[in-house]
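To start, the structure itself, in structure tokens.
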Number of protein chains: 2
Amino acid sequence: MALSEQLQEHKKTLLLAIEKDDRELLDQWLPELRAADFSEILEEMAEDDGDLPTVMKLLDCLPLERRANVLGYLTGEVQVDIAEAMSDELLLSVLEEMGSDERADLFNLLDEDRKEVLLRRMARQEREDLKRLASYEEGTAGSIMTSDYVAIPSGMTVSQAMMRVRQTAPDAETVYQLYIIDRDGKLAGTLSLRQLMVARPGAQVDDLMIKDVISVPVDEAQEEVARLVARYDMLAVPVIDHDERLVGIVTHDDAMDVAEEEATEDFHKGMSIGQLEDGVSRVPIWSLYRKRVTWLVLLVFANLFSGAGIAYFEDTIAAQVALVFFLPLLIGSGGNAGAQAATLMVRGMATGDVGVKDWGKLLGRELLVAGALGLTMALAVAPIGVMRGGEAVAMVVAMSMVTIVLFGSLLGMCLPFVLNRVGWDPATASAPLVTTVIDACGVVIYFTIATAILTGL
Amino acid sequence: MALSEQLQEHKKTLLLAIEKDDRELLDQWLPELRAADFSEILEEMAEDDGDLPTVMKLLDCLPLERRANVLGYLTGEVQVDIAEAMSDELLLSVLEEMGSDERADLFNLLDEDRKEVLLRRMARQEREDLKRLASYEEGTAGSIMTSDYVAIPSGMTVSQAMMRVRQTAPDAETVYQLYIIDRDGKLAGTLSLRQLMVARPGAQVDDLMIKDVISVPVDEAQEEVARLVARYDMLAVPVIDHDERLVGIVTHDDAMDVAEEEATEDFHKGMSIGQLEDGVSRVPIWSLYRKRVTWLVLLVFANLFSGAGIAYFEDTIAAQVALVFFLPLLIGSGGNAGAQAATLMVRGMATGDVGVKDWGKLLGRELLVAGALGLTMALAVAPIGVMRGGEAVAMVVAMSMVTIVLFGSLLGMCLPFVLNRVGWDPATASAPLVTTVIDACGVVIYFTIATAILTGL
């Protein structure tokens, strides 16, 4: 990622200060840099400049807590490089200061020997917590949750709960949503700090709490978690295990990160690109090649069906070469209309706006819209048909246009539903796939109509 | 949007209760429904069933505050229908209970006469606030901000500030981030409620507050606001006017809504679909047609260039009809590779991962990746070229494949940057546009190579 101009300036100042070993300048600059910005500078130093020693020197200038905070913003790759350059002791202290979710993520990236060493030196409770968080499968609620929430035992009064909030504040990820736990560790209810603040100090939290809590199971898909947080405007959503015990929370900022990640993934799928582990400017070239080549080669073979279609109609083409002029236009238009329909469906399904049940209703709508689109496009192209090949060719082109657009749109609309039915991600119904299928069918439709009309005349 | 099965059940129960006028059942059910869910049921009743009377009856059963809350979740269209069915007096009370941002949005949708009547009956301060919020341009920070924030006058002690938070709590959108205002109304600093809670009661907020506040100007684009909130994991971002006075805040949930809206918009643009005002299942058919037809017809004319290219090479085609077999394959492959490159760039630019400055570096990478992709695809297709048209045709096809894929990828990569340069949204560099341009160039590249090699032999 390119640094903004401002960050470039900051980077220069930092490099200069390190070079001159100017502690005063560093002490003045470093506290002003926000973790999100500082980490971006470090990321560029470590990745693009390959200058890990300077990164380590800069990190050494930070107090432990900030160091942990900045580390959490870096990509996994750079985190591992830094962790490997740290002593066990230092790494342990830094891990301790990290949020529990980020700690588990970093831990999962270390090699097995290092994990063993670190675990052995941790306190029992910390070890259990880390092992538990690190064990959840990627992409589930468990893998993005934090265990740093404020739990209030059932039976406390408001003033007792308030005291508990004050005690937990330094370590908790959020203190603004409180979770009331009964004697079995089950989630009994929730209460916002706002509600707690305006309540009578002697009141019981059990009387104030909301009992009908929105929660997610620990193996829920992370995109579903993000959707819930957005839908109900939550600060955090509690995560429960199979015994309904509270095991963590997913905060709004982590949910927002997931939503952005999912949108990017769907975008790339929509253009037949595999999932990239990082931003396009950072991912290795070889990996970029691999993520793109599979689909492209598959589409090459799919495209050969169009060629086979053309070969079959060789006589028609030889008799009327003008037909070839309109070939890219017709199959292109069908593909475009189909890709539009597919995109609308895929995005509608991703945002939860379209369900499988809407299929019937939407099919009717798409028939109407696609019919109108096809007619408009046929009218636009008919005069050119007359100019280039006469009235008969114009008729062939216009009729083919309506048929191909109608067919392409319906196919584009149905494909996401079909894929969803067989358990695939509808986002795989990408524009290139839809376009290629329509290309092959478009060829057949076009020349069938042409053969019928031109040999009939 | 299709209701989930659970919500369908709720809807049935509600309809039954209304039909039988069973107040007891309603009083039991309504408090259990969350605003986000209840509003979805009402939305379907109003839009799909056209049953506004039932919607009004159900709303009448709610206390004023909840009614305002539910109303805020509905689409603008349904909000207006409901507002029109309400007396001025009732509408005024409901507006008063709404969040200031949602109030301004609804107000903007009413007709001029109604606006006048309502404004005349409001208290002066309320009127000024509403007029101000309603005046900001769509898509700016001002249009999505709320004025219901907690302002703490500079000079207060921690315990005084705490008291102020308690007083403001019922009306504020969030009480978790506090804004310290100096005598001129300027934003002097910010403080989280968490920091306030753990501070000594006699301390001065001015000594505790963070002075280097991240804020946005009132005319900042809303997507930029969403990006800041996500980047710095903020609960809310303060909005300031040109005199640096605090005029509102944008909360994390509204920022998340903006981010989702923007992603959907970019998705649709990526497939040449205009911006829809609502979900695809709800938007009127006529509007769906209009949003899709413009680009499709434009692309029809753009596609005619391909036809012109083919016409120019009529002799080459007539001499070797087998060339036509490979036409859809070659231009399709170029389009696919180009659309991939464009998608990677567009999404990278939207998430802030790719800047205009990265252009040079990325161009070099894309040359390498596209070259490798083109070679792979040429190897895949060469044997089929031999089978269908002999070695000479195979050579033409393979060479054309490499050239077209390379050209398509570079064009797909450059187009978003060029559009950005001339001030257009890069997301307009949609797959269909890239594909169509590459189609036309692909035809010329293919037949030029074919003419050179085949007539040379």
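The values are calculated or read from the model by the stated rules, or taken from the named source; none is laboratory data. Only a predicted model underlies this, so the values are computations on that prediction, with no experimental measurement involved. Glycine also receives a Cβ, built like all others from the backbone with ideal geometry; neighbour counts cover every protein chain displayed. These accessible areas exclude ligands, DNA and RNA; they are computed on the full protein's heavy atoms, side chains included. Shrake-Rupley method; radii C 1.70, N 1.55, O 1.52, S 1.80 Å.
Here are the numbers for the structure shown:
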read-out: Per-residue [θ]222 nm for the protein assembly as shown (sum of -39500 (n - 2.57) over DSSP H runs n ≥ 4, rounded to 500); value: -22000 deg cm²/dmol
read-out: Heavy-atom surface of the range B:286-362, accessible at 1.4 Å and reported per residue (Å²); value: 33
read-out: With DNA, RNA and ligands ignored, accessible area of B:Lys361 (1.4 Å probe; Å², nearest 10); value: 100
read-out: Tail weight of P(r) past 33 Å, computed on alpha-carbon pairs of chain A, percent; value: 56
read-out: Cα long-axis angle, helix A:124-134 against chain A (0 to 90 degrees, to the nearest 10); value: 10
read-out: Rounded to 10°, Cα long-axis angle of helix B:285-312 versus longest principal axis of chain B; value: 20
read-out: Kirkwood Rh, angstrom, the range A:275-399 [1 / mean 1/r, Cα pairs]; value: 18.2
read-out: Beta bridges by DSSP in chain B, antiparallel share as percent, to the nearest 5; value: 70
read-out: Solvent-accessible surface ranking, highest first, for B:Lys115, B:Lys269, A:Lys186 at 1.4 angstrom; value: A:Lys186, B:Lys269, B:Lys115
read-out: List of the range B:309-324 residues, accessible area with partners at least 40 Å² below that of the chain alone (1.4 Å probe); value: B:Ile310, B:Glu314, B:Val321, B:Val324
read-out: For a label point 7 Å along the Cα-to-beta-carbon line of A:Arg200, residues of the range A:142-183 with backbone N under 12 Å; value: A:158
read-out: Cβ-vector label at 7 Å, A:Asp315, separations to other copies in nm; value: 3.0
read-out: Residues B:Arg245 and A:Asp49, FRET efficiency given R0 of 51 Å [Cβ-Cβ distance, rounded to 0.05]; value: 0.75
read-out: Charge dipole (chain A, unit charges on Cβ, about Cα centre) - positive-most of A:Gln195, A:Gly139, A:Gln340; value: A:Gln340
read-out: Size of the B/A contact, given as accessible area buried on both chains, probe 1.4 Å, in Å²; value: 10700
read-out: Relative contact order computed over chain A (Cα-Cα under 8 Å; 6+ residues apart), in percent; value: 11
read-out: Sites A:Thr75 and A:Thr168, calculated FRET efficiency, Cβ-Cβ separation with R0 22 Å, nearest 0.05; value: 0.15
read-out: Threshold 50 Å² - residues in the range A:347-373 whose accessible area is reduced by that much or more when the chain is no longer isolated, probe 1.4 Å; value: A:Arg347, A:Asp353, A:Lys357, A:Arg365, A:Val369, A:Leu373
read-out: Between 0 and 90°, nearest 10: helix B:64-73 axis offset from chain B longest Cα axis; value: 10
read-out: Set of aspartates and glutamates with alpha-carbon distance to A:Lys211 below 14 Å, sequence-local pairs under 8 removed; value: A:Asp182, A:Glu244, B:Glu32
read-out: Cα centroid separation - the range A:299-343 against the range B:53-96, whole Å; value: 54
read-out: Accessible-area composition of chain B, carbon plus sulfur, in percent [1.4 Å probe]; value: 54
read-out: Taking only Cα atoms of the range A:53-109, radius of gyration then Dmax in Å; value: 10.0, 27
read-out: Other-copy label distances relative to A:Ser4, 7 angstrom Cα-Cβ extension, nm; value: 3.8
read-out: Unsatisfied cross-links (Cα-Cα over 25 Å) in the set A:Lys12/B:Lys357; A:Lys11/A:Lys57; B:Lys115/B:Lys186; A:Lys291/B:Lys291; A:Lys115/A:Lys291; value: B:Lys115/B:Lys186; A:Lys291/B:Lys291; A:Lys115/A:Lys291
read-out: Gyration tensor (Cα) of the protein assembly as shown, equivalent ellipsoid semi-axes in angstrom; value: 53, 36, 25
read-out: Threshold 50 Å² - residues in the range B:244-261 whose accessible area is reduced by that much or more when the chain is no longer isolated, probe 1.4 Å; value: B:His252, B:Met256
read-out: Dipole magnitude (debye, nearest 20) for chain B, charges at Cβ of Lys, Arg, Asp, Glu; value: 1940
read-out: Computed FRET value (nearest 0.05) for B:Ile210 with B:Trp29, which takes r as the C-beta separation and R₀ as 45 Å; value: 0.45
read-out: Probe 1.4 Å - accessible area at A:Glu260, Å² to nearest ten; value: 90
read-out: Evaluated at q = 0.17, 0.18 Å⁻¹: base-10 log I(q)/I(0), Debye formula over Cα of the range A:100-228; value: -0.97, -1.04
read-out: Rounded accessible area of B:Met395 (nearest 10 Å², 1.4 Å probe); value: 100
read-out: Equivalent-ellipsoid semi-axes of the range A:161-293, from the Cα gyration tensor, Å, largest first; value: 39, 15, 13
read-out: Among beta bridges that DSSP assigns inside the protein assembly as shown, antiparallel share in %, nearest 5; value: 70
read-out: Cβ charges +1 (Lys, Arg) and -1 (Asp, Glu), total dipole of the protein assembly as shown, debye; value: 1800
read-out: Rg/Rh for the range A:219-345, where both radii come from Cα atoms and Rh is the Kirkwood radius; value: 1.21
read-out: Positive-end residue, the protein assembly as shown charge dipole about Cα centroid, Cβ charges, pick of B:Val434, B:Ser287, A:Pro238; value: B:Val434
read-out: Cα centre as origin, Lys/Arg/Asp/Glu Cβ charges: the range A:283-388 dipole, Debye; value: 420
